[in-house]
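To start, the structure itself, in structure tokens.
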Amino acid sequence: MPDSEFDQSMPALFGGPQAKPLPYGSGRRFGDAEMNYLQEALNQETLFYHTGHLTNRMLERFKAIIRVPHAVAVSSGTAAIHVALGASGISYGDEVIVPPITDTGTVIGILAQNAVPVFCDVDPDSLLITPETVAEKLTARTKAVIVVHLAGNPCEMDGFMKLAQKNHLVLIEDCAQAWGAQYHGKTVGSFGDFGCFSLNDFKHISCGDGGIVCTHYEYLYRMAHAFADKFYDRLNSGFRTPSAWLGFNYRITELQSAVALAQLEQLEAVCSRRHELGMRLIQGISGIPGILPHKLTPNSYPTFWFSGFRVAEKTAGVSPPQFVKTLRAEGVDAQPGYFSLLHCDLFLKRQGYRGTCFPFEFPDGRSYKYSPADCPQSELALNTLIRLPVHQFHTDEDIDQTIQAVKKVAAFYRNPEIQAGTRKRPL
């Protein structure tokens, strides 16, 4: 191999040129539209969601996008899931099936209702739970399933809807990372009893912090609305009334809704760009020996909160940590793995409430214990996954250079001749 070709093939970690020498593209997320709506909110002389107008306008736009008749705005995505659980009547000792590969926000509401999370395994290539893995965990105490559309990749909702109907389960969709994603042409969040969305600062769109919970059913909407507002009856009387049951103060403000309204106006453009770039990335790294691209759900429209691939070490000739190290040296913002709730002290030490083992121990003798070994496919995924960024401000060149970097690193570790040259070059 001529020296010039040899040098081009050499990873930057060993002295070669970077495949991605320039930083990823960036841009402004907030602008004049947000400022105008914020000014409108301030001009109302009230920032309370029930007496102002911005929250209702924001929710009307949201419902038109998701195609659901009812929605409640709340203070966070975590609150949205808790509201869905509380409105569904999930309570003491009930079991709720969830994936371990998700944020703590998915399970906080379960524990707050004194119910019990039951973790089921995922497909290691899609990172999603399946109807089959959920079915393995069903018991007489199972009352609900929370499906998580992780990384903007929709779950296989047909199977989950059949499973929920057959077993009389509440079906809740965690759409925090899946704004605009679709399954069979329908937007995620419109399949289950509840769809829950996050407006956290790190999501596709944001108002700093906030959330929305939506449903097709009026009676669930009324329960959700009350649960999120200390069980005050604002829909019927419009006034503060004595609480019927325990509710929480998960109210959104008009300032958050003002920003969210402007952000919803950008949603289609944000999601279509992420979809375009994510699909370009997946297609570009497909077919590389030892590289297993993120498996996308058939008949879906993913919107890529992140993307990536798994490394099959024996075929690739390199461990996932070393692949990450080498890829980062090329200028790619690669990250190893993700995280699992089965690695958290919350579950390993069963310390939901300080000073007790509740709600993991019950007077009837039930005892719930957790271990990463409970979900071996999740562990496989986490130990072999490499995450790659996808963002609406990235350029086509960003993605193309990322693809070339993956190809370059993969080829290096499969080629003994190139690797032999590293003996001449210091790390």
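Selection of first residues in segment 44-57 that are within 21 Å of PHE231 (Cα to Cα) and of second residues that are of a type in the set (Lys, Arg), restricted to Cβ pairs under 9 Å at least 6 apart or on distinct chains, gives the following pairs, ordered by first then second residue: PHE48/ARG251; TYR49/ARG251; HIS50/ARG234; HIS50/ARG251.
Being polar (S, T, N, Q) and surrounded by 23 or more Cβ atoms within 10 Å (Cβ to Cβ) is the filter here; which residues of segment 307-342 pass it? First the steps, then the outcome.
So the first thing to find is which residues in segment 307-342 are polar (S, T, N, Q), and the list is 307, 315, 319, 322, 326, 335, 340.
Once the filter is applied, which keeps residues that are polar (S, T, N, Q) and surrounded by 23 or more Cβ atoms within 10 Å (Cβ to Cβ), segment 307-342 yields only SER307.
Mind checking which pairs have a first residue in segment 317-333 that is among the hydroxyl-bearing types (Ser, Thr, Tyr) and a second that is crowded, with 19+ Cβ neighbours inside 10 Å and in a helix (DSSP H, G or I), Cβ under 6 Å, 6 or more apart or different chains? That search, which allows pairs on different chains as well, returns THR326/LEU13; THR326/VAL409. Would you mind stating whether PRO320 is at pLDDT 95 or above and not hydrophobic (A, V, I, L, M, F, W, C)? Judged against the criteria, PRO320 is a match. A search for C-beta distances below 7 Å between a residue of segment 283-297 that is under 17 Å from ALA151 (Cβ atoms) and any residue that is at pLDDT below 95 and of a type outside the set (Asp, Glu), counting only pairs 6+ apart in sequence or on different chains, returns nothing. Residues of segment 86-117 that are over 15 Å from the mean Cα position of the chain (by Cα), among the polar types (S, T, N, Q) and surrounded by fewer than 24 Cβ atoms within 10 Å (Cβ to Cβ): SER91, GLN113, ASN114.
Among the residues making up segment 307-316, those that are touching a residue at least 40 places away in the same chain (Cβ under 8 Å) and either in a helix (DSSP H, G or I) or within 30 Å of LEU38 (Cα to Cα) (or both) are GLU313, ALA316. Here GLN401 fits the description: touching a Gly at 6+ places or on another chain (Cβ under 8 Å), among the polar types (S, T, N, Q) and modelled with pLDDT of 95 or more.
Would you mind finding the one in ARG61, ARG57, ARG29 that is outside any helix (DSSP H, G or I) and among the charged types (D, E, K, R)? Exactly one of ARG61, ARG57, ARG29 is outside any helix (DSSP H, G or I) and among the charged types (D, E, K, R), namely ARG29.
The values are calculated or read from the model by the stated rules, or taken from the named source; none is laboratory data. Because the structure is predicted, anything quoted here is derived from the model rather than measured. A quick note on method: Cβ atoms are made from the backbone with ideal geometry, for glycine too, and the neighbour counts reach across all protein chains shown.
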